[in-house]
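The values are calculated or read from the model by the stated rules, or taken from the named source; none is laboratory data. Small disclaimer: the values here were computed from a predicted structure and weren't measured. Cβ: placed from backbone, ideal geometry, glycine included. Neighbour counts: every protein chain shown. Just the protein is used for accessible areas: all its heavy atoms, side chains included, with ligands, DNA and RNA removed. Shrake-Rupley method; radii C 1.70, N 1.55, O 1.52, S 1.80 Å.
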Amino acid sequence: MSLYKIDDVAKACGLTKRTIRYYEEIGVMPSPQRTDGGTRLYTQEDIDYLKKVVRAKEVLGFSLQELHAYVATADALNEQRFDYQQTTEVRERIEKLAQMEATLDGQLRLLEQKLHSIHAVQHELQELRERVRTGIQTLQGHTRQNGENEAGNERGGS
């Protein structure tokens with residue numbers, strides 16, 4: 001198994017070393033293993049995990065608090081998936097799947113709330129754009145009118 005230093009992880013994930021340490025400090029990311037000297041050593045799994053966090057933050061626009069909830073839910077889902085795979089009895093498997101469904105419902109609610117917020121901002125921007133377009137058309141109409149009036153005055157005055 002390959003181990004990576006924080007510089008390598010930062011480059012791979014598009015984050016700063018400080019951000020990675022901060023994510024670890026606030027619990028968005030689990031603490032990696034360390035050398036005897038205290039140097040953080042990350043696995044490919046850690047890198048993949050951080051990439052998922054970055055995607056959630058950038059693409060979905062999650063705050064750090066939302067990121068923490070998202071990551072905790074993703075972790076819970078992974079544990080539930082593992083528990084399901086270890087279970088052979090049908091009733092227990094149904095129970096495990098029901099737990100997974102509830103966890104996924106929570107994730108989907110979070111995304112739906114985020115989408116609702118995004119759509120509200122989109123609607124505001126579309127309304128503003130329409131007002132701007134109306135303003136442009138109004139001003140262009142005045143400009144044409146003034147240009148015609150000035151041309152008529154020049155012809156009439158000569």
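Name the shape class, rounded, prolate or oblate, that the alpha-carbon gyration tensor gives for the chain, where a ≥ b ≥ c are the square roots of its eigenvalues, rounded holds for a/c under 1.5, and otherwise prolate holds if a/b is larger than b/c and oblate otherwise. Taking the square roots of the gyration eigenvalues as a ≥ b ≥ c, the chain is oblate.
Of the solvent-accessible surface of segment 1-154, computed with a 1.4 Å probe and all protein chains present, 51% belongs to carbon and sulfur.
Leaving out ligands and nucleic acids, and using a 1.4 Å probe, what accessible area per residue does the chain come to in Å²?
I get 73 Å² per residue for the chain.
Distant-in-sequence amide contacts of Leu41, defined by a placed amide H-H separation under 5 Å and a gap of 5 or more residues or a different chain, comprise Gln33, Arg34, Thr35.
Under a Cβ-only charge scheme (Lys and Arg +1, Asp and Glu -1), can you give me the dipole magnitude of the chain about the Cα centre, in debye to the nearest 20?
420 debye
For chymotrypsin sites (Phe, Trp or Tyr not before Pro), no site in segment 46-93 is both called loop by DSSP and has at most 11 other Cβ atoms within 10 Å. Its relative contact order, with pairs defined as Cα atoms under 8 Å and 6+ residues apart, puts the chain at 15 percent. Under a GNM of the chain (C-alpha, springs under 10 Å), which listed residue has the highest mean-square fluctuation: His119, His142, His68? Most flexible of the set in this elastic network: His142. The residues neighbouring Tyr70, those whose beta-carbon lies less than 12 Å from its own, together hold a net charge of +3 under the Lys/Arg +1, Asp/Glu -1 convention. Do the sum for the chain: with -39,500 (n - 2.57) for every DSSP H run of n ≥ 4, divided by all residues, what is the mean residue ellipticity at 222 nm, to the nearest 500 deg cm²/dmol? So the helix-based figure for the chain works out to -28000 deg cm²/dmol. Label sites at Glu25 and Tyr84, each approximated as a point 7 angstrom past Cα along Cα to Cβ, lie 3.7 nm apart.
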